[in-house]
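Here is the structure we will look at, set down as structure tokens.
The values are calculated or read from the model by the stated rules, or taken from the named source; none is laboratory data. Please read these numbers as outputs of a predicted model, since none were measured by experiment. When we count neighbours, we look across all protein chains shown, and the Cβ atoms used for this are built from the backbone with ideal geometry, even at glycine.
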Amino acid sequence: MIPIAKPMIGEEEKQAVLEVLESGMLAQGPRVQALEEAFAEYCGVKYAVATSSGTTALHVALLAHGIGPGDEVITTPFTFIASANSILYVGARPVFVDIDPATFNIRPDLLENAITPRTKAIMPVHLFGLPADMDPILEVAERYGLVVVEDACQAHGAEYKGKRVGGFGTGCFSFYPTKNITTAEGGIITTNDEKIAERCRVIRQHGMRRRYYHDELGFNFRMSDVHAAIGLAQLRKLEQFNEVRIANARYLSEHLRGVVVPVVPEGRRHVFHQYTVRVPDGRRDAVLDGLRERGIGTAVYYPVPVHQQRLYRDMGYNLVLPEAERAAQEVLSLPVHPGLSRADLENIVDAVNELCA
Ligand SMILES: *Cc1c(COP(=O)(O)O)cnc(C)c1O
């Protein structure tokens, strides 16, 4: 079986974890700080704040911007549930607008229509590793005085017009094992705003500025030094991993037949967290079964758009977002991770072409 995702853990990560374990200092400490500094530099931003997950990164970022009950945040319905749920955690309301069928990302031209006096933020998701179309998103945000919180959980190292994601607004990344780099569990917030960085640090650690003095309600959303040590070793390999993902994606796009391969608009660097194709004409589920029978790991990201999830239906969401709904019926992700051999890639191509061409 060729797995759909595979964490790339080597001797460096093992050695780094052993060093932390032997140091006797396991909780948030010098390695977390080192990871924050290195990741901020990688993203080209001034500050980074590590958290326990990508989900808590989004939660903390929204709180740090003062978003809460009565506020609305515009986001995409075609994403992992955590993007929208983070908006619910702070008591705000997710407002969904449809996606561009070519890129699977939020459609900037629909934003303005979704803005109300309650709108406080836009949360684009750089889905599958492809940056959202940031220029028009930033333009609308600027014009209406809205905050931009980027869900970059799938897009470490992705670029829009030569600039890395996470630097356009407040960036949130995940280090879950399937992501482009991992800390096992973990996340990180990126920002150029010193006050936001400071707010994130306080919220992450029980609302505490001075030890055991608590001015506000915070959380324990810390990362441990064990996790940060893995992250530091992984970060050194991130560019190499991304280059292999990009090369694997290029091979697949050149050889696959009968499916719609991913689009990379001019001026964007897609880092292929997922390589996602469309299988038209209602054949997706048959192709999915056929690939699994042939030993190809495959998955549907995502089978149900957020606004159609039971949780959201029960809250009264009943809008129709045709492109997100069609994508959920047609998409299929194929292995693209850096652990693939040339033979694996050939097997994936042969299997897809046999089923689809
Ligand atoms: C993975 C992911 C998250 C959540 O990250 P965790 O580390 O799993 O909490 C949020 N948004 C998107 C788009 C993701 O892919």
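Counting just the residues of region 198-217 that are assigned to a helix (DSSP H, G or I) and without any contact (Cβ under 8 Å) to a residue 24 or more places away in the chain, which one comes out nearest to the ligand (Cβ to nearest atom)?
Going through the qualifying residues, I end up with Val202.
Which is within 16 Å of the ligand (Cβ to nearest atom) and over 18 Å from the mean Cα position of the chain (by Cα), of Val149, Val140, Val90? If you could, list the steps in order and put the result at the bottom.
Numbers: Val149 fails: over 18 Å from the mean Cα position of the chain (by Cα); Val140 fails: within 16 Å of the ligand (Cβ to nearest atom).
Among Val149, Val140, Val90, only Val90 is within 16 Å of the ligand (Cβ to nearest atom) and over 18 Å from the mean Cα position of the chain (by Cα).
From the list Pro262, Pro280, Pro335, pick out the single residue that is modelled with pLDDT under 95, out of contact with any Leu (no Cβ under 7 Å at 6 or more places or on another chain) and not assigned by TED's automatic domain parsing to the domain that holds Ala102. Steps first, please.
Numbers: Pro262 fails: modelled with pLDDT under 95; Pro335 fails: modelled with pLDDT under 95.
Of Pro262, Pro280, Pro335, the one residue that is modelled with pLDDT under 95, out of contact with any Leu (no Cβ under 7 Å at 6 or more places or on another chain) and not assigned by TED's automatic domain parsing to the domain that holds Ala102 is Pro280.
To keep it simple, each residue is scored yes or no on (1) buried (at least 21 other Cβ atoms within 10 Å of the Cβ); (2) of a type outside the set (Gly, Ala, Ser).
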{"site": "Leu130", "(1), (2)": "yes, yes"}
{"site": "Tyr144", "(1), (2)": "no, yes"}
{"site": "Ala158", "(1), (2)": "yes, no"}
{"site": "Val165", "(1), (2)": "yes, yes"}
{"site": "Phe168", "(1), (2)": "yes, yes"}
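Tell me which residues, restricted to region 164-197, are within 15 Å of the ligand (Cβ to nearest atom), outside any strand (DSSP E or B) and among the aromatic types (Phe, Trp, Tyr).
Matches in region 164-197: Phe175, Tyr176.
Can you tell me which residue within region 215-258, out of those that are under 22 Å from the mean Cα position of the chain (by Cα) and of a type in the set (D, E, K, R), is surrounded by the most Cβ atoms within 10 Å (Cβ to Cβ)?
Arg245
Applying the selection to region 45-55, what residues are crowded, with 23+ Cβ neighbours inside 10 Å and farther than 15 Å from His227 by Cα?
Ala48, Thr55
Can you tell me which residues in region 290-325 are farther than 30 Å from Asp344 by Cα, part of a loop (DSSP other than H, G, I, E, B) and of a type in the set (Gly, Ala, Ser)?
Gly316
Please work out if Thr191 is among the hydroxyl-bearing types (Ser, Thr, Tyr), surrounded by fewer than 24 Cβ atoms within 10 Å (Cβ to Cβ), assigned by TED's automatic domain parsing to the domain that holds Leu138 and in contact (Cβ under 8 Å) with a residue 60 or more places away in the chain.
The answer is no for Thr191.
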